[in-house]
Amino acid sequence: GNSVTQMEGPVTLSEEAFLTINCTYTATGYPSLFWYVQYPGEGLQLLLKATKADDKGSNKGFEATYRKETTSFHLEKGSVQVSDSAVYFCALRSAAGNKLTFGGGTRVLVKP
Amino acid sequence: DTAVSQTPKYLVTQMGNDKSIKCEQNLGHDTMYWYKQDSKKFLKIMFSYNNKELIINETVPNRFSPKSPDKAHLNLHINSLELGDSAVYFCASSPTGTGNTGELFFGEGSRLTVL
């Protein structure tokens, strides 16, 4: 079946540091890939997505590139802010399916 | 103008009780979901309905029974609550057909604590 593996947190950074959260997946066919973010006390919201190989999703300074050869979708941001403190979820949706499979989430804490 | 709304936001109850969580979306989506998030933030799908019809039913105890009176509502009823049911339950919705980009729209969650 489909699965998503992402690095365990928490990840603690100083403001303006570079952030990388690794995400790899297992799926048949050509899934769509997503990053969701959950701010404290809130529901998940879509951060970015990519629907085919070599696509790059970007939003709010975050980027992730769909790498089919390494089955990865790593999330990066060049300069984090305190407001980026949240839990980040990598997810996939298979071409044939209609549900999202989530990774375990990575908590990021950015300190001033 | 909340898109996906859940009630209650917090629920504290005793073992053995029966409780319900309600969800409503005003996005005009055809598909709705229930996800369970445990204390380690792990998210797992429980159910999905498309236009009031059950389409996903993961391995969930029979004590959990979803009900969709119409495509804008998906409620979750839990019988005989157990300690392990303590979690945050998220409702979500998505469009189908050509409008389906794979994105889910989540509610703010309902934190259930079973004592």
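Summed over the range A:26-61, the residues that are part of a loop (DSSP other than H, G, I, E, B) and farther than 26 Å from B:SER39 by Cα give a count of 12. Just checking, how many residues over the range B:90-112 are away from chain A (no Cβ under 11 Å) and either at pLDDT 90 or above or surrounded by 21 or more Cβ atoms within 10 Å (Cβ to Cβ) (or both)? Within the range B:90-112, residues that are away from chain A (no Cβ under 11 Å) and either at pLDDT 90 or above or surrounded by 21 or more Cβ atoms within 10 Å (Cβ to Cβ) (or both) number 2.
Residues that are more than 27 Å from A:MET7 (Cβ to Cβ) and not aromatic (Phe, Trp, Tyr) within the range B:34-58 comprise B:SER48, B:ASN50, B:ASN51, B:LYS52, B:GLU53, B:LEU54, B:ILE55, B:ILE56, B:ASN57, listed in sequence order. Taking the range B:62-115 as the range and being closer than 20 Å to A:LYS49 by Cβ and assigned to a strand (DSSP E or B) as the test, the residues that pass are B:PHE90, B:ALA92, B:SER93, B:SER94, B:PHE105, B:PHE106. With respect to the conditions (1) assigned to a strand (DSSP E or B); (2) within 12 Å of chain B (Cβ to nearest Cβ); (3) surrounded by fewer than 20 Cβ atoms within 10 Å (Cβ to Cβ), A:GLY104 lacks only one, and its number is (1). Within the range A:48-57, one or more residues are more than 14 Å from chain B (Cβ to nearest Cβ) and under 14 Å from the mean Cα position of the chain (by Cα).
For the range A:7-24, taking the residues that are surrounded by 15 or more Cβ atoms within 10 Å (Cβ to Cβ) and modelled with pLDDT under 95, the one that is nearest to the other protein chains (Cβ to nearest Cβ) is identified as A:GLY9. Just checking, how many residues over the range A:71-86 are outside any loop (DSSP other than H, G, I, E, B), surrounded by fewer than 20 Cβ atoms within 10 Å (Cβ to Cβ) and touching a residue at least 60 places away in the same chain (Cβ under 8 Å)? Number of matching residues: 1.
Restricting the search to the range B:1-51, which residues are within 9 Å of chain A (Cβ to nearest Cβ) and not in a strand (DSSP E or B)?
B:LYS40, B:LYS41, B:PHE42
When A:LYS68, A:LYS60, A:LYS56, A:LYS49 are screened for being surrounded by 21 or more Cβ atoms within 10 Å (Cβ to Cβ) and without any contact (Cβ under 8 Å) to a residue 40 or more places away in the chain, only A:LYS49 passes. If you go through the range A:28-46 and keep only what is farther than 30 Å from A:VAL82 by Cβ, buried (at least 20 other Cβ atoms within 10 Å of the Cβ) and not polar (S, T, N, Q), you end up with just A:PRO31.
The values are calculated or read from the model by the stated rules, or taken from the named source; none is laboratory data. In this text the structure is predicted, and so the values were computed from the model without any measurement. Here Cβ is always computed from backbone atoms with ideal geometry, including for glycine, and neighbour counts include all displayed protein chains.
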